[in-house]
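Notes for the one structure printed next.
The values are calculated or read from the model by the stated rules, or taken from the named source; none is laboratory data. A quick note: this is a predicted structure, and the numbers were derived from the prediction, not measured. Please note: Cβ atoms are built from the backbone with ideal geometry, for glycine as well, and neighbour counts cover all protein chains shown.
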Amino acid sequence: MTTTTASSGRRTVQRPGDRVFSGSTIAAGVLILVILAGVAAFLLTNAWPAVTASAEDLPGGRTLFAYTAPLVFGTLLGAVLALLVATPLAVGIALFISHYAPRRLAAPLGYVIDLLAAVPSIIYGLWGVAVLAPQTVGLSRWLESTLGFLPFFSGPASSTGRTMLTVGIVLGVMILPIITAVSREVFLQTPRLHEEAALALGATRWEMIRMTVLPFGKPGVISASMLGLGRALGETMAVAIVLSVSPGLISFNLISPSNPSTVAANIALQFPESSGLAVNTLIFTGLVLFGITLAVNMLARWIIARRAEFSGAN
């Protein structure tokens with residue numbers, strides 16, 4: 001590499017290709033920020049008329065908070081339920097592929113899991129409403145009769161299965177390949193010396209995984225979970241097809257025929273027939289969803305940054 005000598009010592013002179021690459025990466029990063037700022041500005045500009053309008057002029061004659069709160073509640077409820085369903089399964093599958101399965105089985109299984117991420121969301125929605133929903137009717141009735149004292153299963157159980165429970169399972173299956181793929185790659189990067197040291201001290205395979213692989217991969221699992229949560233928060237068609245919606249409802253009941261809608265599904269269903277302030281109101285709910293997604297990603301980055309210096313052997 002060409003170098004020049006300065007009074008303070010030897011200084012490296014960048015090649016033209018290095019300068020082009022550096023400039024391109026900086027431009028790409030700035031472009032992302034500009035696009036995000038543009039999206040935020042668009043949402044804020046078009047949502048402002050709904051913010052300043054009186055409640056009588058808004059859809060249903062309700063305040064903006066009364067209109068948005070049930071949608072945000074349904075969005076968070078479905079996404080959290082999906083995360084509870086998908087994360088343990090994804091971590092188990094990732095550990096099986098990375099540390100238990102024979103190599104001739106691990107590679108094809110990894111390809112199949114990755115392929116699930118390429119399935120369109122509308123296919124998941126059709127599978128949920130045509131196959132999964134009828135199968136959950138019996139489960140919902142059993143939950144009502146056995147655990148009906150809990151607000152999540154207080155019933156009455158839906159006779160169609162188009163419930164928040166079904167939506168949570170469908171969304172969980174949708175985000176499963178994302179969490180599995182990222183977690184698998186993180187587990188495979190665990191330092192080999194750490195694993196061999198644990199085994200040399202007499203640890204079983206599970207004890208080795210618990211002491212070295214899981215601590216090392218925890219930031220990666222958190223990142224994968226947040227990626228999956230981001231997709232679950234913004235999922236539209238699968239939720240719109242499966243869920244039986246009662247507008248304005250806030251309920252923790254997961255098996256009832258009356259369910260809160262989500263922000264994305266509500267926009268998809270209402271936007272074609274909306275005009276005037278109704279459109280501005282829908283855009284405001286999109287702005288709220290944008291803020292929630294941004295907050296989730298910032299929280300994930302903060303959690304990961306707290307553990308940035310942890311290597312799994314500290």
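Looking only at the range 164-183, count how many residues are free of Cβ contacts under 8 Å to residues at least 60 places away in the same chain and closer than 21 Å to Asn253 by Cα. Lay out the reasoning, then the answer.
Of the range 164-183, the ones free of Cβ contacts under 8 Å to residues at least 60 places away in the same chain are 182.
Still in the running and closer than 21 Å to Asn253 by Cα: none.
Matching residues across the range 164-183 total 0.
Starting from residues that are of a type in the set (Gly, Ala, Ser) and in a helix (DSSP H, G or I), keep the ones in the range 236-246 and report whichever is surrounded by the fewest Cβ atoms within 10 Å (Cβ to Cβ).
Only one residue fits best here, namely Ala240.
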Can we say Phe284 is hydrophobic (A, V, I, L, M, F, W, C), out of contact with any strand residue (DSSP E or B) (no Cβ under 7 Å at 6 or more places or on another chain), in a loop (DSSP other than H, G, I, E, B) and touching a residue at least 12 places away in the same chain (Cβ under 8 Å)?
-> no
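Please go through the range 102-147 and give me each residue that is of a type in the set (Ser, Thr, Tyr) and touching a Lys or Arg at 6+ places or on another chain (Cβ under 8 Å), ordered by number. Break it down into steps so the answer makes sense when it comes.
Restricting attention to the range 102-147, the residues satisfying the condition of being of a type in the set (Ser, Thr, Tyr) are 111, 121, 124, 136, 140, 145-146.
The answer is none; no residue qualifies.
For every residue, the table says whether it meets (1) closer than 23 Å to Asn280 by Cβ; (2) touching a strand residue (DSSP E or B) at 6+ places or on another chain (Cβ under 9 Å); (3) aromatic (Phe, Trp, Tyr); (4) in contact (Cβ under 8 Å) with a residue 12 or more places away in the chain.
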residue	(1), (2), (3), (4)
Gln14	no, no, no, no
Ser22	no, no, no, no
Ala27	no, no, no, no
Ile35	yes, no, no, no
Ala50	yes, no, no, yes
Ala66	yes, no, no, yes
Leu71	yes, no, no, yes
Val85	no, no, no, yes
Pro88	no, no, no, no
Of the listed residues (Thr45, Thr75, Thr2, Thr87), the one being farther than 28 Å from Pro219 by Cα and either at pLDDT 90 or above or touching a helix residue (DSSP H, G or I) at 6+ places or on another chain (Cβ under 8 Å) (or both) is Thr45
Hits in the range 141-170 - residues which are more than 25 Å from the chain's Cα centre (by Cα), of a type in the set (S, T, N, Q) and in a helix (DSSP H, G or I) | Ser145, Thr146
Where residues in the range 104-118 are surrounded by 13 or more Cβ atoms within 10 Å (Cβ to Cβ) and without any contact (Cβ under 8 Å) to a residue 24 or more places away in the chain, which of them is farthest from the chain's Cα centre (by Cα)?
-> Ala106
Picking from Leu214, Leu249, Leu233, Leu227, the residue that is surrounded by fewer than 21 Cβ atoms within 10 Å (Cβ to Cβ), over 24 Å from Pro134 (Cα atoms) and either touching a residue at least 60 places away in the same chain (Cβ under 8 Å) or more than 20 Å from the chain's Cα centre (by Cα) (or both) would be Leu214
